[in-house]
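> Pasting a structure below so you can have a look.
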Protein chains: 2
Amino acid sequence: MLSIGHIDPNSEAPLYRQVYESIREQIASGELEDGFRLPATRELAGQLGLNRTTISAAYELLEHDGLITGHVGRGSFVARPHPPRPGFTKRNQGGVNWRELLDPTEAAVTPSAGAISFSASRPSEHLFPIAEFRVTCAEVIAGPEVQTILQLGSPAGYAPLRRYLLDLARVEGEARESDDILITSGCQQAFDLLQRTLAPNGETVLVEEPVYPGARHAFQRARARVIGVPVGPEGIDLEALEHALKTERPRLVILTPTFQNPTGATMPQHAREHLLRLASRAGAVVIENDIYGALAYQGDTPPTLKRLDESGDTVLLRSFSKLAFPGLRIGWVIGPRPLIQKLTEAKQWSDLHSDQLSQAVLLRFAESGRLEHHRQHVLQTGGERLKAALDACREYLPAGTVWTEPRGGMNLWVRLPQPLDAGELLPRAEREGVSYLPGKYFAVGRLDPGALRLSFAGITPAEIETGIRTLGRIFTEELERVRAASDLEAPALV
Amino acid sequence: MLSIGHIDPNSEAPLYRQVYESIREQIASGELEDGFRLPATRELAGQLGLNRTTISAAYELLEHDGLITGHVGRGSFVARPHPPRPGFTKRNQGGVNWRELLDPTEAAVTPSAGAISFSASRPSEHLFPIAEFRVTCAEVIAGPEVQTILQLGSPAGYAPLRRYLLDLARVEGEARESDDILITSGCQQAFDLLQRTLAPNGETVLVEEPVYPGARHAFQRARARVIGVPVGPEGIDLEALEHALKTERPRLVILTPTFQNPTGATMPQHAREHLLRLASRAGAVVIENDIYGALAYQGDTPPTLKRLDESGDTVLLRSFSKLAFPGLRIGWVIGPRPLIQKLTEAKQWSDLHSDQLSQAVLLRFAESGRLEHHRQHVLQTGGERLKAALDACREYLPAGTVWTEPRGGMNLWVRLPQPLDAGELLPRAEREGVSYLPGKYFAVGRLDPGALRLSFAGITPAEIETGIRTLGRIFTEELERVRAASDLEAPALV
């Protein structure tokens, strides 16, 4: 017997969808059996006081879901869900063989949700300056530029934003006369366009080991040879880099010299200068990912590679995402003009241009001084969160654990004592309400089973303390368990 | 003698930039000669009543432009602009050889600006419903979802928008239970992701001839084999398609069956059904670009291929760009779930996800009924513009010219009588204040020198009439000139 529950005309869900959901649930639960005849649309519309087209729309949805079948003149009947369409599994005669076209999907490693999540290297949405954002939006959409913003734009980016960012970079010594700028849909797109432009044919690319997986994927999916060079507390290992430059002859070296993701490591100035000499001698292009550079909670950061590079060849990537609003996908690339021209062409055939509403809003947010004001707030809370994380590591992690001690950014890197495996321990941590990303997510060629990343910027100091205390207890218990087991397994001393 | 003009503290340009511009102009004009010593920053700051750091910033910009050189303790001097940095042209020892890395850029064909431009297939910004857009934005940013919108999102798209569009497509019979949806950064990105996913290794792709160049470029830049199949007044030539399917064994067939760009052609239903049978038999995936389908000014359009395709294999591309605001880069793909999963993965490594502010604003714009209300207005003005274009073609184009007569969309396709060359005539048209895109811009393998595209949706009926009248005069005069010349050149009759 069909019984439609309360239909709420003020709900966000359209009426037809509410009717559809109600019937679908009754089919799924078995309340409505196979072959049950649904009331005619006119009849049900009358019962519910709704328009007949609303009921028709709900029935159409059910029919497309394969949950009912309609027979002209006879009505609609509940039907067992159809088996999957043959076209998507196996096809013998004609049609598209999707299975053959598409390789089996590699299981994507996605950050898992715990009550306390150290999984995402992103700002907390609770810190978003919503009031300032609203004022900024209101100013932009009330302004005379709104028609231009809503119209098709330039692949290079919204001209006033490009000018603003390039001027700023010139004043700060980070762009030269020979440089130009391209606005990208976040920093991830910059990696994609650099792959398209500079590593289209399986070229060799050096990255940090461990590395932000988005950088690795952008190049590996296009079959570039991606080789990891180890990162220590002072950033990339220069001896290993020198060796790799000689033996691997890479075209690109991609680095995050300040508050690297995932380790939080920062290269000192002398190391940066040495790196530039090594790369220049090898003729390799240095790509500097500086999306965390503005987040120094203690002291100053060394000058960027771009600023130190007298040849001007370094390519600088930046973004608003770590500082302001990650949901607005706006980043930028500053580099030699001929390269920017090529990247702009690649950008045009990738997505024509980046979203102009967000470009205009972020420009206004920056120009009005609100971005800098917000940054000061982020620096203060970030510093508190970083301190809470480091204090909790000292307090709760078992002896033998080591971790980086960054002075900014969003991440720190923890190495558990052997034989603990951070990946194996994650399900238990999640059951106890805490999540993190194990080191394997960031590996290029070397697996470090004891490693994990703690992203601390998105949660409060209290959550950080509770979370690391829980992790410390789990790691300590596990360590005691395996040590006790290994004592039992040890050969008797004779 | 340095003389800084009026510095306006209320200008949008920062003060340092105004000072910089003023000095730069004086150097460029020669008023300030090579070697001229600029006043000390403290001195100039005092003269202008500005902060000393403002003057320093202006001088830094000038120095980075290579227009002045600073000498500690001596001051700053006007210097001839530096020659281009050697790193970007030729480098003998170390450094990056940009010339070797980057091929010479193919001259991009960009729509040229005339006083009356038939060059861009886009809506007029004067028709944008700015007031409704402002209300929509205000509602979205005042709403409780704003934190979620500003935070990092899902590669698949903003969930409420995905649900809305997929439900709508299900109700309209354009999505099945086996289908899923991916939000893209406009339709151009859909082409890019389809290339990444379905044509990564030089596969063969059939497109229309002539074709929207963005579709061609997205595949050709990745070295897919792109083959054009001629388009007639009833869309793609089915005999030629059947032949190409047999001989070329394409993996993809990309089509715009309704109001095709550039021709405006629409396939009748029987042709669509036949096409689906042909493609299914050949095992080729049909990609249906339907971004103009909602713009039918007269009568109805035939059902989409996606709707007619009983196998469910067709992939449907749509976008808000032609209907609402092209500056907000939001489109979508509906197709079989395993394909959407692969495309979503490719999307993640391309740009993480599409801009969420624009996704939320467009969802609200659609859900509130404002999009449909705006569409009705667009249909009315579009119909008037189409009529004005067709009337003017009949009135002013020289005898022997043929053109398509679409019933919707934004474009019509004109073929001039031989031996006129639309590309050769463009500079003259531009000098007389009218621009269009010549056929070569849309060619795949066959050049049609007499062809040109007239995009009529972005300009008023009066502009359309004036523009086509001007073009008609130019074409007629040119035709008379070449015919007169060919009469003279004809051999004497003996």
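What follows draws every value from the coordinates through simple rules; no lab data is involved. Note that the structure is a prediction, hence the values are computed from the model and not measured. Here the Cβ is made from the backbone with ideal geometry for all residues, glycine too, and neighbour counts use every protein chain on show.
> For region A:296-345, what Kirkwood radius comes out of the mean inverse Cα-Cα distance, in Å?
12.9 Å
> Taking 37 °C and 0.692 mPa s as the conditions, I'd like the Stokes-Einstein D for region A:316-389 in µm²/s, using the Kirkwood hydrodynamic radius from alpha carbon pairs.
Here the translational diffusion coefficient equals 229 µm²/s.
> Taking only the alpha carbons of region A:15-78, what extent do you get along each of the three principal axes, in Å, biggest first?
Computed over the Cα atoms, the extents are 26, 25, 20 Å.
> Any chance you could check the Cα centroid distance between region A:269-331 and region A:158-190 for me, in angstrom?
13 Å
> Listing B:274, A:353 from the residue with the fewest other Cβ atoms within 10 Å to the one with the most, what is the order?
B:274, A:353
> Enter the mean projected area of the convex hull around the alpha-carbon atoms of the protein assembly as shown, in nm², rounded to one decimal.
53.0 nm²
> Where does chain B land at 222 nm, in deg cm²/dmol rounded to the nearest 500, when only DSSP H runs of n ≥ 4 count, each adding -39500 (n - 2.57), divided by all residues?
-13500 deg cm²/dmol
> Follow-up question, since we're still on this one. How many nanometers, to one decimal and shortest first, lie between the label point of residue B:5 and those of its other copies, if labels sit 7 Å from Cα toward Cβ?
So the distances to the same position in the other copies read 7.0 nm.
> Hey, another quick one. Provide the convex hull volume over Cα atoms per residue for region B:179-218, in Å³.
90 Å³
> Given that compact globular proteins tend to follow 2.2 N^0.38 Å, what is the ratio of the alpha-carbon Rg of region A:128-368 to that value?
1.01
> When each copy gets a label point 7 Å from Cα toward the beta-carbon at residue A:394, what are the spacings between them in nm, shortest first?
8.7
> Additional query: Tell me the distances, shortest first, between residue B:74 and the same position across the other copies, using label points 7 Å along Cα→Cβ, in nm to one decimal.
Values, ascending and in nm: 10.0.
> In addition: Distance in nm between label sites at residue A:482 and residue A:247, each 7 Å beyond Cα in the beta-carbon direction?
Distance between the two pseudo-spin positions: 2.9 nm.
> Any chance you could give the angle, 0 to 90 degrees and rounded to 10, that helix B:337-351 forms with the longest Cα principal axis of chain B?
The helix B:337-351 is inclined about 10 degrees to chain B.
> Please tell me which of these pairs span more than 22 angstrom C-alpha to C-alpha: B:322/B:342; A:322/A:387; B:322/B:387?
Beyond 22 Å: B:322/B:342.
> Tell me which GluC sites (Glu not before Pro) from region B:240-330 have a DSSP coil assignment and no more than 16 other beta carbons within 10 Å of their own.
Answer in residue order: B:310.
> Sort B:301, A:53 so the one with the fewest other Cβ atoms within 10 Å of its own Cβ comes first.
By the 10 Å Cβ count, ascending: A:53, B:301.
> Another question, then. Does anyone have the angle between helix A:238-248 and the longest principal axis of chain A? Alpha-carbon axes, 0 to 90°, nearest 10?
Rounded to the nearest ten degrees, it is 70.
> Would you tell me which residue of chain B has the beta carbon closest to the rotation axis bringing chain B onto chain A, and how many whole Å away it is?
Result for the axis mapping B onto A: B:355, 2.
> Listing B:319, A:178, A:354, A:3 from the residue with the fewest other Cβ atoms within 10 Å to the one with the most, what is the order?
A:3, A:178, B:319, A:354
> Determine the gain in length on full extension of the stretch residue A:168-residue A:8; use 0.36 nm per residue of separation and subtract their C-alpha separation, reporting nm with one decimal.
Computed gain between residue A:168 and residue A:8 is 52.3 nm.
> Next question, about the same structure. Please name whichever of A:185, A:229, A:301 sits farthest to the positive end of the charge dipole of region A:128-368, dipole taken about the Cα centre and charges placed at Cβ: Lys and Arg +1, Asp and Glu -1.
The residue sitting farthest along the positive end of the dipole is A:185.
> Counting Lys and Arg as +1 and Asp and Glu as -1, each charge on the Cβ, what is the dipole of chain B about the Cα centre in debye, to the nearest 20?
Using only the charged Cβ atoms, the result is roughly 1000 debye.
> Taking the inverse of the average 1/r across all pairs of different Cα atoms in chain B, what Kirkwood radius in Å do you get?
Across chain B, the inverse of the average 1/r is 26.4 Å.
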